[in-house]
Amino acid sequence: MLILGIDTSCDDTGVAVVKQGDIIISNIIASQFSAHERFGGVVPVIAAREHTAKINYILDSALEKAEVSFSDLDAVAVSHHQGLMLSLVVGVSAAKSIALACQIPLIGIHHLEGHIYSNLMGRTDEIHFPFLCLTVAGGHTLLLKVVSHGTYELLGHTRDDAAGEVLDKVARHLHLGFPGGAAIQKLAEKGNPTAYHFPRPLINRRDGEFSFSGLKTAVISAIDRDPNLNVADLCASLQQAIIDLLVSKTMLIAETHDLKQITLAGGVALNQPLRKALQQEVQQRGYQLFTPQTDLCMDNGAMIAGAAFYLYQTRGADPLSIETLANAPLGTTGIRYRPGSKYGKGS
Amino acid sequence: MYTLLLDTSGPYTTVLLVQNLQLVTSSVVEDRPAEHLHEQIQTSLDRAGLLPSHLHQIAVVIGPGSWTGLNIGVTTAKTLAQVLQIPVCPIRTLDALTESSRLPAWGIMSAGRDRCYYARHTHSKTPEMDVASIDDILQLMEADPETHCIYEYGDTFSERFCDHPHYHTTDRLLPESLILASKNGAILKGNSIHSLVPAYLQPSYVERDASR
Ligand SMILES: [Fe+2]
């Protein structure tokens, strides 16, 4: 089964062709970095404009690279839930048009499901249900038990900011440019992670709840207080605090729920110190850690097509009238993973 | 020769199926083009007993108009044309607005912040659209004694025209105007379709909005 996957949930235009959910024949990601850079963050109207201007070129290159044409496709999958509303509708409009013109099934995928499935692609022999997934992407920090295809259980989430939001805020405060996470990670390589002692909120609580806002406040006030600030040391110390929090909560939840396979999803899966720290803990316990291949960590169309291959078998196709939502409950159990968010229309 | 005509520029989503400039089916739904547009297209094709592959051309309103609506309409037109390998005819909102009126006519619509898009349509040539403050446009109109009609898309400036004998307001582009505008529009073919973008706000406005 040949599935075209489209993701325009944020500021990257991603289109991929995937066979049988596993074999990535092409995976094109067009970054909009230069369009947003001078604003210090993703500007929704600019993201939507860029997607509209580029989507058809990206569709062409994904098909060309895969050496297939529209008529070879068996289905088209698209991120229709979770992301920037103005951006999502562009990919959804393109996907619906392809489904309509080719008369093939349309499969709507929750963007976070795409991230979860980025681990499973090509590894269904190794990873078995149920397993634990730590998703740290954009505005989310989640610990999910993946029970079966499309069914998840929420075992932990943040009560306030997400880890990524802390990095972005601090990076902006330090004028480190955009995206903030990457800039901080780079500086952290040269710094001393024990130079500053930052709080690790809720680290001793015996559950999966995260809180990052206290950490954010502590870091910002350290920056404002210290006239001889060592930026590298500060970044390394901040990164260490976040890693400590993520690792300790993940291991606690893995142990309490007896989940011996742990997967890492989202952009943070590229963070080497985090991978290393998790790997160490996982090995000590005889557990296993899985991380997606590099080009599946960022937002991309391949993970959407991958998720669609498995979820189509259980959920079937979606109608052309399928709704686009900035925030939508996740999976068959309708998990509301983000406190304080409206689950419905909005940007 | 079947043309599929899409208009998502305003509060209504219009899908017309046109054969040799004659209306075959029409579907108009209020609001939410993201959900309705493709279903309307499928229903229109079904009603006419056609398959997508029977279409010869797509015509689409490219703006100005609703930001998200235009992204949806233009992306849909481009992608359908890309898959079906057929041409696209872009229609400008203000051209369709004055298409079936007596000429010379002015087409206007709000560009936000007391500014206004305008174009003066005559028999002789296709006008360029421009943006100015409504006060400047009113002055231009006063200096134009030949004016037969003033059409506004939306009613942002209706109070300014309350005693103007030739002022009309509309909240949607009419099928006959859209069909006429598609007849007179340019035709994009092949890869040049990919580069089609909505004529929404001027780029400078987008950047200014973004930096606020
Ligand atoms: Fe993402």
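The values are calculated or read from the model by the stated rules, or taken from the named source; none is laboratory data. For clarity, every value in this text was computed on a predicted model and none was experimentally measured. For neighbour counting, all protein chains shown are included, and Cβ atoms are generated from backbone atoms with ideal geometry for every residue, glycine included. Just the protein is used for accessible areas: all its heavy atoms, side chains included, with ligands, DNA and RNA removed. Shrake-Rupley method; radii C 1.70, N 1.55, O 1.52, S 1.80 Å.
Using a simple charge model, +1 on the beta-carbon of Lys and Arg, -1 on the beta-carbon of Asp and Glu, nothing else, what dipole does region A:128-291 show about its Cα centre, in debye to the nearest 20?
With only Lys, Arg, Asp and Glu charged at Cβ, the dipole is about 180 debye.
Specify the angular offset, from 0 to 90 degrees and rounded to the nearest 10, of the alpha carbon long axis of helix B:67-84 from the longest principal axis of the alpha carbons in chain B.
Once rounded, the angle reads 30 degrees.
Among A:300, A:27, A:204, which one moves the most in a GNM of chain A with springs linking Cα atoms closer than 10 Å?
A:204
Farthest toward the dipole's positive end in region A:128-291, which of A:149, A:288, A:131, given Cβ charges of +1 (Lys, Arg) and -1 (Asp, Glu) about the Cα centre?
Value computed over the given set: A:288.
Only Cα pairs within less than 10 Å get springs; with that Gaussian network setup on chain A, which residue of A:235, A:102, A:133 has the largest fluctuation?
A:102
Find how much the distance from residue B:48 to residue B:30 grows on full extension, using 0.36 nm per residue of separation minus their present alpha carbon separation; answer in nm with one decimal.
So the extension gain works out to 4.3 nm.
Just the number: Rg to Rh for region B:94-170, Cα atoms, Kirkwood Rh, two decimals.
That ratio is 0.91, to two decimals.
On a 0 to 90° scale, report how tilted helix A:44-66 is relative to the longest principal axis of chain A, with both axes built from alpha carbons and the result rounded to the nearest 10.
The two axes meet at around 60 degrees.
Looking at chain A, send over the antiparallel percent of its DSSP beta bridges, to the nearest 5.
Within chain A, antiparallel bridges account for around 60 percent of the total.
Counting Lys and Arg as +1 and Asp and Glu as -1, each charge on the Cβ, what is the dipole of the protein assembly as shown about the Cα centre in debye, to the nearest 20?
1140 debye
Taking the Cα centre of region B:59-134 as origin, work out the dipole magnitude from +1 charges on Lys and Arg Cβ and -1 charges on Asp and Glu Cβ, in debye rounded to 20.
My answer is approximately 20 debye.
Per-residue mean of other chain beta-carbon atoms within 10 angstrom of the beta-carbon, peptide B:64-75?
5
Return the calculated 222 nm mean residue ellipticity for chain B, to the nearest 500 deg cm²/dmol, obtained by summing -39500 (n - 2.57) across DSSP H runs with n ≥ 4 and dividing by the residue count.
Dividing the helical sum by the residues of chain B leaves -10000 deg cm²/dmol.
Under the definition of partner shielding as Cβ atoms of other protein chains within 10 Å of a residue Cβ, what is the mean value for peptide A:85-92?
Going residue by residue through A:85-92 and averaging, the value is 4.
Any idea of the accessible area per residue across region A:128-291, 1.4 Å probe, to the nearest Å²?
43 Å²
In percent, what relative contact order does region A:146-199 have, based on Cα pairs under 8 Å that are 6 or more apart in sequence?
18 percent
So if each residue of separation counts as 0.36 nm, and I subtract the Cα-Cα distance between residue A:125 and residue A:323, what length gain in nm does that give?
Net length gain for the segment: 67.9 nm.
To the nearest 100 Å², how much accessible surface do chains A and B cover up together, summed over both, with a 1.4 Å probe?
Roughly 2900 Å².
Set the Förster distance to 22 Å, then compute FRET efficiency between residue A:103 and residue A:61 from the Cβ-Cβ distance, nearest 0.05.
0.40
Using a 7 Å offset from Cα along Cα-Cβ at residue A:220, what residues in region A:163-185 end up with backbone N under 18 Å from the label point?
A:163-178, A:180-181, A:184
What are the principal axis extents of the Cα atoms in region B:72-212, in Å, biggest first?
For region B:72-212, the Cα spread along each principal axis is 50, 41, 24 Å.
Hey, got a sec? Which GluC sites (Glu not before Pro) in region B:100-173 land in a DSSP loop and have at most 12 other Cβ atoms within 10 Å?
Listed in order of number, the matching sites are B:128, B:146.
Could you work out what % of the accessible surface of the protein assembly as shown is carbon and sulfur, using a 1.4 angstrom probe and leaving DNA, RNA and ligands out of the count?
Carbon and sulfur together cover 49 percent of it.
Over region B:51-132, what is the percentage of antiparallel beta bridges among all DSSP beta bridges, to the nearest 5?
Close to 65 percent.
Taking the simple approach of a point 7 Å from Cα along Cα-to-Cβ for both residue A:39 and residue A:283, what is their distance in nm?
4.4 nm
I want to verify the translational diffusion coefficient of region A:163-301 in µm²/s; compute it with Stokes-Einstein, Rh as the Kirkwood radius over Cα pairs, at 10 °C and 1.306 mPa s.
Once the numbers are plugged in, D ends up at 101 µm²/s.
In percent, what relative contact order does region B:1-154 have, based on Cα pairs under 8 Å that are 6 or more apart in sequence?
Result for region B:1-154 is 18 percent.
Before I look further, what does region B:94-170 give for accessible area per residue, probe 1.4 Å, in whole square angstrom?
On a per-residue basis, region B:94-170 sits at 54 Å².
Among A:76, A:15, A:247, determine the one that fluctuates most according to a GNM of chain A built with springs between C-alpha atoms less than 10 Å apart.
Highest fluctuation of the listed residues: A:247.
Pop out the ³J(HN,Hα) list for region B:178-184 in order, Karplus 6.51 cos²θ - 1.76 cosθ + 1.60 with θ = phi - 60°, rounded to Hz; leave Gly and Pro as x.
3J(HN,Hα) across region B:178-184, in whole Hz: 5, 5, 4, 5, 5, 5, 8.
Given a Förster distance of 51 angstrom, what is the FRET efficiency for residue A:333 paired with residue B:162, based on the Cβ-Cβ distance and rounded to 0.05?
For R0 = 51 Å, the calculated efficiency reads 0.35.
Rounded to whole Å and ordered largest first, report the semi-axes of the equivalent ellipsoid of the protein assembly as shown derived from its Cα gyration tensor (root of 5λ).
Over the Cα atoms of the protein assembly as shown, the semi-axes work out to 48, 29, 18 Å.
Treating cross-link reach as a plain straight distance, find the lysines whose alpha-carbon is under 25 Å from the alpha-carbon of residue A:249, omitting any fewer than eight places away in the same chain.
A:145, A:169, A:186, A:216, A:260, A:276
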